[in-house]
2 protein chains.
Amino acid sequence: MTPPHDSSTHEQPLYRRLADHYRQAIDAGVLAPADRMPSVRKLVRTHRVSLSTALQACRQLEDDGLIEARPRSGYFVRPKRRITMLPASEPDPGRLPAPASYVGIHDRVSDFVAKCEQHTTSVNLALAAASPAHYPGDALKQAMIRALRKHPSMLVDRALPRGHPDLRHVLARRALELGMNPDPDDILVTHGCIEAVNLALRAVARPGDTIAVESPVYFGLLQILESLGMQALEIPTSPQRGLSVDALELALQTHPHLRAVVVVPNFQNPLGCVMPDTEKARLIKLCERHQIAIIEDDTYGALCDDNQLPPALKSWDRTGNVIYCASMHKTLAPGMRLGWMTGGRWDARIGMLKFAQSRPNEALAQVAVAEYMGSTAYDRHLVRLRRKLKIQREHIAEDIARYFPPGTRLNVPEGGMLLWVEMPGQQSSTQVFEQALARGIRIAPGTMFSNADRYNHFLRLSCGSSYTPQMAEAMRTLGDIVTAAG
Amino acid sequence: MTPPHDSSTHEQPLYRRLADHYRQAIDAGVLAPADRMPSVRKLVRTHRVSLSTALQACRQLEDDGLIEARPRSGYFVRPKRRITMLPASEPDPGRLPAPASYVGIHDRVSDFVAKCEQHTTSVNLALAAASPAHYPGDALKQAMIRALRKHPSMLVDRALPRGHPDLRHVLARRALELGMNPDPDDILVTHGCIEAVNLALRAVARPGDTIAVESPVYFGLLQILESLGMQALEIPTSPQRGLSVDALELALQTHPHLRAVVVVPNFQNPLGCVMPDTEKARLIKLCERHQIAIIEDDTYGALCDDNQLPPALKSWDRTGNVIYCASMHKTLAPGMRLGWMTGGRWDARIGMLKFAQSRPNEALAQVAVAEYMGSTAYDRHLVRLRRKLKIQREHIAEDIARYFPPGTRLNVPEGGMLLWVEMPGQQSSTQVFEQALARGIRIAPGTMFSNADRYNHFLRLSCGSSYTPQMAEAMRTLGDIVTAAG
Ligand SMILES: Cc1ncc(COP(=O)(O)O)c(C=O)c1O
Ligand SMILES: Cc1ncc(COP(=O)(O)O)c(C=O)c1O
């Protein structure tokens, strides 16, 4: 560790280095929760910095949720209350619903949307997206304008098949960090990850087929399956280790005709878990042996707190059995509807389906995003975004620890923007959802994440927006609602 | 008619008025084909205009294909050779292929694409699109930049369900000209007409179902049906009057389980025909009686020579049995992938399918297009585009009359950008296609427009690009190839 008063040249401003110095102390436990921070005056003396630098450093630590000011007493290290919370319960790998119990999710989601529309929302904790301010709107706008000027006939000339070469090239290069090594020609640009998953499912399965999915699972996937006339078989999924490969293996004994498994191995929605490498490798082997296609949805992989991208499942694939799907929605530009995929063995069929379904994507957005993603500005943006999500997640997690009734379970993921909360009693998430909505707070009830009625005592909370006093207030209200419902 | 030397104020430049004066004379037959035009000197004297105005007027008439210069003899009215040609043959309404004979079009189209890629093309007559220069690229670019500046967070904020309100509003207003009267809320913005047709088919039918289509038919539709696992039943379609309602009625006797009919009532691809109003009304009635959904693809309707939009089939619909699909691809911006639809009785299901398939379209392009389509610049663009297409179509048609062997049949549509040529002998369009390709000329062989081998002695030629000496040369070469193959 470089001491903050070291006079050698650094890239970071001085207050940042000072803050980092104390961050490390807190992380290492040298300064424990509830410990008093050295006073600002002390910081000035010890580190020979100006008053304003010392104040800025404290504010940074406060913003990062590491210390808190107490009136007239100075700064204290924030207690990590959630340390006392247990992670959400592990599922029983043998407990498998028959796909016959499949009822369809669309009515449930429509009901949710309709109810939300009846109330003005002041705090939205239901959206799996970060707030617009967290994305590089201005840089993307400038990149768009440059692209328009550079290619004046782009809006009136036909788009190129499979996507624009600039973007496919940048994506192939970026994919190296995921342990993949795609040829730019293998990449197909889509209208979001959702279109990619649609194409993947249509390529490997037909209406009536059964598809294994995680449980709990992103309701958007259940909607896709329902709209394609396919059946979902929900496979128990661990809040810590993701899809249970053991459970999938068991399921194969009773469902030998499974066509594919759709999996979000990195920062799963809603659990936030990352599959360990060993499990990823096992899943690859199991599916190869049983000739089941893997559809990997890597929407959240890049949102890793530690800036170390968890490897894609696809990086273990040697036979083309994995269809990799990704998105720029959560990481870069929620308003641009861009995603991409590599089709593995189904590449040609997927190319045909994309052409027949919507034709190649328009070029402009692709060229602008290629410019941005090809620059280091993109890396810097990701570092900032990850940091913000981490801070926001910790705030919400601590509020849960503080305001929710004892026995509430929660494990805090190391990436992504979601928290999956297990309420202690048999509180109904639908009831909590409705009561919260009446108070202007939107949350996602657990019932939306399964076709079976398995998660009615769970809630999904999004940490995508900056933590504000209003949000703190909403979390307290939510805690009261859950406590009263218990 | 205002004489060109009338001194009252006019909006048009003088040379334009002079040219129009002679255009009317030619149209009315006052100046007949092969008649000599008054000399430039004569024009100067008669109309008391400058030499340069007289010359400009002649050049305008030449550009419009109405007169031609002969070396050392001045200008002559161009002969309309195609007047001597017969229109393409009428189909036998009773001749219906069984859907069992359905083989799928995708391999044929892939083969076409692969062959095209093996040759450098100097003249492309295969593309059903006008050249980029015919579209308002610059105005759209400026509208995009304005939209970006006005809505700085549009790229990083989620898109609104069903499409942007600005665009839906403008589209609803423009639809009045088609005899429709949709509520903006009924409009769903899609990724091109192709996505709209996919959603419509998925809403009304399932894999395995049989769908009636025109014959010959746009191969893109056959690809969609193939990709959805649906069967196409090709209904005889008249080069003059479009889909034969009689034939459809006959087909219903042997195929009572038809789910839907997909029809391009205005400037059909590849025939270019417009269904007469009486036939449109009959089709509506027939389908209502038999509970068959109508999917209307109105991609080309706005490209009418006379600036009188042919009414949409949908304008006869009183029961919500017509799903109307349209596109901005051919009329406004080939590079923007925008289309729209109204779902009739299937509105809710189509909304669900769109959400599950690709989510709402990104907002930016919609806002820019809404601004442009809401202005009179859009009307002026359409008038210009229609005029260009008419001129180009007439040039190609005359070349066919001049260079193709006697007995070639052709009817020249009054809109759109396509010509459907019936070769006189049993020339193989595949062979003609390959030979033309070897000479750098791309055309669409008739075989691509049906699953049965019905149109092997037809070619589809696109008139989307400006007529150039190179194109004239290509048409002569093509004529030679067809003649030699006969
Ligand atoms: C797991 C998962 N996949 C895909 C998506 C959406 O992807 P896109 O917006 O790129 O279509 C989401 C968004 O909520 C998601 O959670
Ligand atoms: C009849 C017809 N429908 C639809 C399309 C394509 O529509 P879009 O580009 O809007 O998806 C075409 C283009 O060739 C066409 O000819």
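Would you say B:Ala368 is buried (at least 24 other Cβ atoms within 10 Å of the Cβ), away from chain A (no Cβ under 11 Å) and either within 14 Å of B:Pro136 (Cα to Cα) or of a type in the set (A, V, I, L, M) (or both)?
Here the answer is no, as B:Ala368 does not meet what is asked.
When the criteria are applied in full, A:Ser428 fails the requirement of being of a type in the set (Ser, Thr, Tyr) and touching a residue at least 60 places away in the same chain (Cβ under 8 Å). Output the residues belonging to region B:236-253 that are open to solvent by 10 Å² or more (accessible area, probe 1.4 Å) and assigned to a loop (DSSP other than H, G, I, E, B). Within region B:236-253, B:Gln240, B:Arg241, B:Ser244 qualify.
Only one residue in A:Val197, A:Val156 is among the aliphatic types (A, V, I, L, M), free of Cβ contacts under 8 Å to residues at least 40 places away in the same chain and within 11 Å of chain B (Cβ to nearest Cβ). Which one?
Just a single option satisfies the conditions, and that option is A:Val156.
Every residue, every condition in (1) aromatic (Phe, Trp, Tyr); (2) away from ligand 1 (no atom under 16 Å from the Cβ); (3) under 23 Å from A:Lys330 (Cα atoms), yes or no:
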position: A:Gly220; (1), (2), (3): no, no, yes
position: A:Leu233; (1), (2), (3): no, yes, no
position: A:Thr237; (1), (2), (3): no, no, yes
position: A:His255; (1), (2), (3): no, yes, no
position: A:Ala260; (1), (2), (3): no, no, no
position: A:Leu271; (1), (2), (3): no, no, yes
position: A:Met275; (1), (2), (3): no, no, yes
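State whether the residues of region B:122-142 include one that is farther than 30 Å from B:Ala365 by Cα and either not assigned by TED's automatic domain parsing to the domain that holds B:Tyr22 or not charged (D, E, K, R) (or both). Among the residues of region B:122-142, at least one is farther than 30 Å from B:Ala365 by Cα and either not assigned by TED's automatic domain parsing to the domain that holds B:Tyr22 or not charged (D, E, K, R) (or both), which makes the answer yes. Residues in region A:254-268 that are polar (S, T, N, Q), outside any loop (DSSP other than H, G, I, E, B) and open to solvent by less than 10 Å² (accessible area, probe 1.4 Å): A:Asn266 alone. Of B:Arg384, B:Arg318, B:Arg345, all but one fail to be within 14 Å of another protein chain (Cβ to nearest Cβ) and open to solvent by 30 Å² or more (accessible area, probe 1.4 Å); the exception is B:Arg384. Among the candidates A:Leu459, A:Leu418, A:Leu389, A:Leu410, the residue that is free of Cβ contacts under 8 Å to residues at least 40 places away in the same chain, away from chain B (no Cβ under 14 Å) and surrounded by 20 or more Cβ atoms within 10 Å (Cβ to Cβ) is uniquely A:Leu459. Suppose the filter is out of contact with any Gly (no Cβ under 8 Å at 6 or more places or on another chain), modelled with pLDDT of 85 or more and surrounded by fewer than 18 Cβ atoms within 10 Å (Cβ to Cβ); does A:Arg70 pass it? Criteria met by A:Arg70.
The rows are residues; the columns are (1) modelled with pLDDT of 95 or more; (2) away from every other protein chain (no Cβ under 14 Å); (3) surrounded by fewer than 18 Cβ atoms within 10 Å (Cβ to Cβ).
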residue: A:Phe112; (1), (2), (3): no, no, no
residue: A:Lys115; (1), (2), (3): no, yes, yes
residue: A:Ala128; (1), (2), (3): no, no, no
residue: A:His134; (1), (2), (3): yes, no, no
residue: A:Pro152; (1), (2), (3): no, no, yes
residue: A:His169; (1), (2), (3): yes, yes, yes
residue: A:Ala172; (1), (2), (3): yes, yes, no
residue: A:Arg202; (1), (2), (3): yes, no, no
residue: A:Ala205; (1), (2), (3): yes, no, no
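Among the residues of region B:442-453, at least one is in contact with a strand residue (DSSP E or B) (Cβ under 7 Å, 6 or more places away or on another chain) and over 21 Å from B:Pro236 (Cα atoms).
Of all residues in region B:219-241, those that are more than 14 Å from chain A (Cβ to nearest Cβ), over 16 Å from B:Ser450 (Cβ atoms) and either free of Cβ contacts under 8 Å to residues at least 40 places away in the same chain or touching a Phe, Trp or Tyr at 6+ places or on another chain (Cβ under 8 Å) (or both) total 1. Residue check: A:Leu353 meets all listed conditions (1) more than 16 Å from ligand 2 (Cβ to nearest atom); (2) open to solvent by less than 20 Å² (accessible area, probe 1.4 Å) but one, namely (1).
The values are calculated or read from the model by the stated rules, or taken from the named source; none is laboratory data. None of the values given here were measured: they were computed from a predicted structure. Note that we place each Cβ from the backbone using ideal geometry, even for glycine, and neighbour counts take in every protein chain shown. Surface areas here come from the heavy atoms of the whole protein model, side chains and all, with no ligands, DNA or RNA. Shrake-Rupley method; radii C 1.70, N 1.55, O 1.52, S 1.80 Å.
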